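Everything on this sheet refers to the single structure shown next.
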Amino acid sequence: MFQTTSDPIALHDRPVLDLDGVRPAPIAPRLTFRVGGKPVLVFDDLFTEQFVETFAMFLLRQDYRPRPSFDNELSAAMTAEFLGSLPALPDVAEAILRCDYPAIAGVPNEQVLSHGYSAAIRHGDSCEIHQDVTCDDCVTFLYYGNLVWNEAWGGETVFCDRAAGAGACVSPRPGRLVLFPAAIHHRAGVPARDCPTFRYGLSLFYRCPRMLQRPVRRAAPGV
C-alpha cells in the first residue's frame, strides 16, 4: 500500500541555490509517496530548460555498453569524482540530502556519493525488481534525462512493498529528480514498443560509511 503525504518541512525552510542551471526557488518535493513505510520524494522544475537540454545531450553521448549481469540494460559507469564535477546536479542532491535525509533513514548516518550509472533502456529490455543495497541508511537519486518524454511511452519506475507488491509508479519527465531509500524494492521502467527513443536516466548512489567499505554491487533481486 502507498499514500501521498504532504511535505513536512515548511517551504521557507527549504534551500534556495544560486547556481547556473538551477531555478531560483525553494528546493521542495512536488510529491511524497510512502511505499512499505519508506518515503519516495519526487522533485520537478528544479533545473532550467537550458540545463535539461544540455544534460540530455551529455547523457546521450555516454559510452553505453551492455550490462548482462543486471536488467540487460545499456549503461555507463561513473565514478564519484566524475559525478562531483558535473554542473548543478550534485549540488542540488547535496542540498536535498541536508534537508530531507533525516526523515528517510532509520538511523541517519553521513552520506557520501559512492558512484553512479547512466542507463539507456530500450523496448524489450527485461528490468528486475531489486534493491540497490539492503542498508536502511543509504539513499539513491534518479535523474530522468530525456529532453522530451511522452507519457504514452511508459517507462515508469515502479516502487514496491515487499509484502503487498507494486505500490507507486513515477513517470519519467525531463529534469525530474527522485530521492528514495536504497533498500526499497523498485524496478526501472521499459519504454513502450512505439517509443522512438531510449529511456535515459542517471542514478547517483549515496552510501553510509559502513556500506562504503563494501565492494560496489547491487543487492540480489527481491519480491
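Every condition in (1) more than 22 Å from Gln213 (Cα to Cα); (2) surrounded by fewer than 19 Cβ atoms within 10 Å (Cβ to Cβ) holds for Phe55 except the one numbered (2). Applying the condition of being touching a Lys or Arg at 6+ places or on another chain (Cβ under 8 Å) and β-branched (Val, Ile, Thr) to the range 155-196 and asking which residue is farthest from Asp136 (Cα to Cα) yields Val190. Scanning the range 36-43 turns up no residue that is farther than 16 Å from Leu179 by Cβ and of a type in the set (A, V, I, L, M, F, W, C). Pairs are defined by a Cβ separation below 9 Å, a sequence spacing of at least 6 or placement on different chains, a first member in the range 83-101 that is under 13 Å from Ala28 (Cβ atoms), and a second member that is in a helix (DSSP H, G or I) and charged (D, E, K, R); the pairs so defined are Cys99/Asp13. All conditions but one from (1) free of Cβ contacts under 8 Å to residues at least 24 places away in the same chain; (2) of a type in the set (Gly, Ala, Ser); (3) in contact with a Cys (Cβ under 7 Å, 6 or more places away or on another chain) apply to Ser171; the one that does not is (3). Of all residues in the range 83-103, those that are in a loop (DSSP other than H, G, I, E, B) and out of contact with any helix residue (DSSP H, G or I) (no Cβ under 9 Å at 6 or more places or on another chain) total 1.
One residue stands out in the range 136-161 among those that are farther than 22 Å from Ala95 by Cα and crowded, with 20+ Cβ neighbours inside 10 Å: the one that is nearest to the chain's Cα centre (by Cα), namely Thr157. The residues listed here are Ala219, Ala188, Ala164; of these, the one that is modelled with pLDDT under 95 and crowded, with 21+ Cβ neighbours inside 10 Å is Ala188.
The values are calculated or read from the model by the stated rules, or taken from the named source; none is laboratory data. Just so we're clear, the structure is a prediction, and the values are computed from it rather than from any experiment. Every residue, glycine as well, gets a Cβ built from its backbone with ideal geometry; the counts of neighbours run over all protein chains shown.
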